[in-house]
Amino acid sequence: MWIQGQSPGGIVAEVKRRGTAGDRLADTIVDPLITDPVPARARGTARQATEAHDLPISDDLGGLIEPGQMIEASEDTGGGFEGDLRGLVRGLSVTANAKRASNGGVSLAVRQSLTIERPYQEA
């Protein structure tokens with residue numbers, strides 16, 4: 001990954017994860033405070049990934065999950081992710097779809113779409 005400061009005094013640094021060949025690059029980070037290799041290294045190791053997940057509103061997940069809350073879920077919750085999900089919720093939108101049942105009643109499916117910030121992990 002490349003970390004880039006901004007003028008005046010900004011530097012450009014390549015940061016590689018320890019124990020890897022460094023051949024899989026993450027997105028470049030531009031930060032006006034990067035003027036020395038030490039903060040460039042720290043900025044590179046403290047990266048966060050932002051992901052969007054569509055989850056049901058369920059008691060298993062604690063109901064409606066609001067921005068600012070921490071979330072921990074496993075792939076069997078129906079969010080379309082692999083493994084465990086842990087992170088900080090940064091955004092939320094809610095959708096509801098009504099369907100008429102054959103018996104004349106109405107069923108309502110309510111889902112929450114979350115923007116979750118979590119520590120970057122290589123795939």
**Considering residues of the stretch 35-65 that are modelled with pLDDT under 80 and assigned to a loop (DSSP other than H, G, I, E, B) only, the residue surrounded by the fewest Cβ atoms within 10 Å (Cβ to Cβ)** = ALA46
**Prompt:** Looking at THR77, THR20, which is the one that is within 19 Å of VAL110 (Cα to Cα), modelled with pLDDT under 75 and of a type in the set (Ser, Thr, Tyr)?
**Reply:** THR77
**Request:** Select from the stretch 17-39 the residues that are of a type in the set (Lys, Arg) and touching a residue at least 60 places away in the same chain (Cβ under 8 Å) and write down the one among them that is farthest from GLY5 (Cα to Cα).
**Result:** ARG24
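The values are calculated or read from the model by the stated rules, or taken from the named source; none is laboratory data. From a predicted model like this one, the values you see are computed outputs, not experimental measurements. Here the Cβ is made from the backbone with ideal geometry for all residues, glycine too, and neighbour counts use every protein chain on show.
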